[in-house]
1. Report, to the nearest whole %, how much of the accessible area of segment 94-133 belongs to carbon and sulfur atoms, 1.4 Å probe, protein only.
2. With charges only on Cβ, +1 for K and R and -1 for D and E, what is the dipole size of segment 29-81 about its Cα centre, in debye, rounded to 20?
3. Just to confirm a number: summing +1 for Lys and Arg and -1 for Asp and Glu over residues other than L78 whose beta-carbon lies under 13 angstrom from that of L78, what do you get?
4. Just check segment 20-140 against the gyration tensor rule for me: Cα atoms, a ≥ b ≥ c as the square roots of the eigenvalues, rounded for a/c under 1.5, and otherwise prolate or oblate depending on whether a/b exceeds b/c.
5. Net charge near V121: determine it from the other residues with C-beta under 14 Å of the C-beta of V121, scoring Lys and Arg +1 and Asp and Glu -1.
Amino acid sequence: NNIKEFCGIQKLNQNQISINMVSFSIAAICNLCLDEKNKDYLIKQDTINRLLKCLSVLISSQSLQNVIEIVLNILTTLLFLFDSNTSSKILNYSDQSINFSTLLDQFAKSSNKRLSNLAIVFIDDYIRPTRNAVQSNLTC
């Protein structure tokens, strides 16, 4: 059921889905990612794109304070879904509202410690090693 609710995320702008429902749904999806079969299923269902689109909608239409739990859940879920097959999809995401890598840099400077710490973990543990691997492949 949570996945079905999550699929309706695009309706967030029209206030047809409550912020709480979105928050609980993304938290449930985050928990599902811990199992490898669920993770594979979620990746095949384009969950990464949906999460990034949701993040974009939230950042462009809401005060960050109002949706901080959702943003934290999205970032945590993206961490769990991040691997060699999904890294470029996550790191290179960009639309009219956000560039994911730039957004993480902004989050790392946030006064909200949970958000800044999570962004720093994402950058230090996932983005830098991925970029370093790409750069070393280019120099070989």
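1. Numbers: 1090 of 2350 Å².
Answer for segment 94-133 is 47 percent, counting heavy atoms of protein chains only.
2. Working: 5 positive and 5 negative charges, 27 e Å.
Here the size comes out at about 120 debye.
3. Values: positive: K39, R50, K53, K89; negative: D83, D125.
Around L78, the charge tally is +2.
4. Values: a/c = 1.72, a/b = 1.21, b/c = 1.42.
Oblate.
5. With Lys, Arg at +1 and Asp, Glu at -1, the net is 0.
The values are calculated or read from the model by the stated rules, or taken from the named source; none is laboratory data. What you see is a predicted model, and the numbers here were worked out from it, not measured in a lab. Using ideal geometry, Cβ is built from the backbone for each residue, glycine included, and neighbour counts are taken over all protein chains shown. For accessibility, only protein heavy atoms count, side chains too; no ligands or nucleic acids. Shrake-Rupley method; radii C 1.70, N 1.55, O 1.52, S 1.80 Å.
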